[in-house]
Amino acid sequence: MNPSHTVRRASSLAANLGLSERVFASAADRAMARAIDDGLERVEVGLAEQVRFADTVADVTSRYLLEAGGKRVRPMLTLLTAQLGDGAVDDVVTAAMAIEITHLGSLYHDDVMDESERRRGVPSAQTVWGNSVAILTGDLLFARASQLMAKLGERAIRMQADTFERLVLGQLNETVGPDPDEDPIEHYIQVLADKTGSLIAAAAQSGIIFGNADPALEAPIIEFGEKIGVAFQLIDDVIDLSPQPEETGKVPGTDLRAGVVTLPLLRLEDLAKTDAASADLLDRIRRDVLPTPAEEAGDPFDTNTLAARIVPSRATVDALVDELREHEATQSTLAEAHRWAREAVAALGPVPEGSVKKALTRFADTIVERSS
């Protein structure tokens, strides 16, 4: 393999991890990068095969989001942690595909639940085919992922089932909301751990199990994955308020405008209990940005709603998003994300020094750097 090809392959891994070229300074680092990129190519080919269905409609809808792109962070983590053992053996590649297909299935369901209009730069599946087709497509992908895991034995099946249970519980708890006597912020963090942390943890865990790495590394790698998943979502909460839609691909405050609960809003509600300025901002956001109960129920033309609310201008809403972005509530969210990322790196203590630990550490740093 010529040097230019080596650099290209290292750059490919760097793009997935958000790593700089300096991370691949040694021959061992470059060899690891090549091995992971080889594995990612196998995963990509396998994904295209696994989401094919004999049924014409199912074949088109199931390939839709796969072909729209994606960073393949989860299979990359599986291949990366597998380097602590035998590397990208066939079972590791199979597990990586199953994890990514599970993730894809969850996106179809998430977009229905959140009424999202776009995903990965294209119209979301339910805007193209409707909610029922999108939900059923997600179900098909979950079934295909389970078939793949079944090839790996009982432990893989149990891990898949446990992870899927947490994904569903996370979505359910997000939909229902906290109990009256439950702390809303603690409830929210648990939702993030279930909806995002569990699958990232399973991806990293799969590399250890199916790569035949030291079993003693499994617990710290799971902890790393879970914590970095929470950090990832907290940073997304901050990015949602970003003033640079060309970088985020979304209108600033998309989640806020849709009434999606995020940590900056929860922090603001908490601060509003004792701070008059925060209470004033919260009142204005509730009045001019958040959807009314009738709008959330799908009836924006309810006469009571129209009588009680004057639709604010775009400039008014944009100004409130800007104000929340600069508020202490968002700054504390950013600090919380950094704390989870630090704890993720600390969990890697038992992992041997070397290329894998270096890449995982840099990945954690990159997660929180996305907001800067």
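The values are calculated or read from the model by the stated rules, or taken from the named source; none is laboratory data. The model shown is predicted, which means the values in this text are computed figures rather than measured ones. Using ideal geometry, Cβ is built from the backbone for each residue, glycine included, and neighbour counts are taken over all protein chains shown. Just the protein is used for accessible areas: all its heavy atoms, side chains included, with ligands, DNA and RNA removed. Shrake-Rupley method; radii C 1.70, N 1.55, O 1.52, S 1.80 Å.
Some notes on this structure:
- For the chain, the equivalent ellipsoid built from the Cα gyration tensor has semi-axes of 37, 25, 19 Å, listed from largest to smallest.
- Surrounding net charge for residue 317, when Lys and Arg each add one and Asp and Glu each subtract one, Cβ distance under 12 Å: 0
- Two-site label geometry, residue 45 and residue 143: point separation in nm, points 7 Å out along Cα→Cβ: 2.8
- Taking every protein chain into account, the accessible area of the chain amounts to 46 square angstrom per residue (probe 1.4 Å).
- Once the Cα atoms are used to define both axes, helix 131-150 deviates from the longest principal axis of the chain by about 30 degrees.
- Environment charge at residue 45 (Cβ cut-off 15 Å; Lys +1, Arg +1, Asp -1, Glu -1): -4
- For the chain, the Cβ-based charge dipole about the Cα centre amounts to some 1380 debye (Lys, Arg positive; Asp, Glu negative; other atoms uncharged).
- If R0 is taken as 56 Å, the Cβ-Cβ distance between residue 283 and residue 158 corresponds to a FRET efficiency of 0.70.
- Under 18 Å of direct C-alpha separation, and excluding same-chain neighbours fewer than eight residues apart, residue 357 reaches these lysines: 227.
- Segments 279-287, 263-271, 328-336 sorted - mean Cβ within 10 Å per residue, highest first: 263-271, 328-336, 279-287
- Helix axis angle, 3-17 relative to the chain longest principal axis, alpha carbon, degrees: 40
- Model label points for residue 318 and residue 251, set 7 angstrom from Cα along the Cα-to-Cβ axis, are 1.1 nm apart.
- Residue (of 152, 173, 327) at the positive-pole extreme of the chain, dipole from beta-carbon charges: 152
- Stretchable slack from residue 120 to residue 38, in nm (0.36 nm times residue separation minus alpha-carbon distance): 27.1 nm
- Counted charge near residue 66, where neighbours are those whose Cβ lies closer than 14 Å (Asp, Glu -1; Lys, Arg +1): +3
- Ordering 123, 73, 143 by Cα displacement along the dipole of the chain toward the positive end leaves 73 in first place; charges were set at the Cβ atoms of Lys, Arg (+1) and Asp, Glu (-1).
- With the charge dipole of the chain set up from +1 on Lys and Arg Cβ and -1 on Asp and Glu Cβ about the Cα centre, the Cα lying farthest toward the positive end among the listed residues 196, 261, 32 is that of 32.
- With every protein chain in place, the chain: carbon and sulfur % of accessible area (1.4 Å): 54
- In this simple spin-label model, placing a label point 7 Å from the Cα along the Cα-to-Cβ direction at both residue 128 and residue 274 gives a separation of 5.0 nm.
- Considering only 85, 253, 130, the mean-square fluctuation computed in a Gaussian network model of the chain, springs between alpha carbons under 10 angstrom, is largest for 130.
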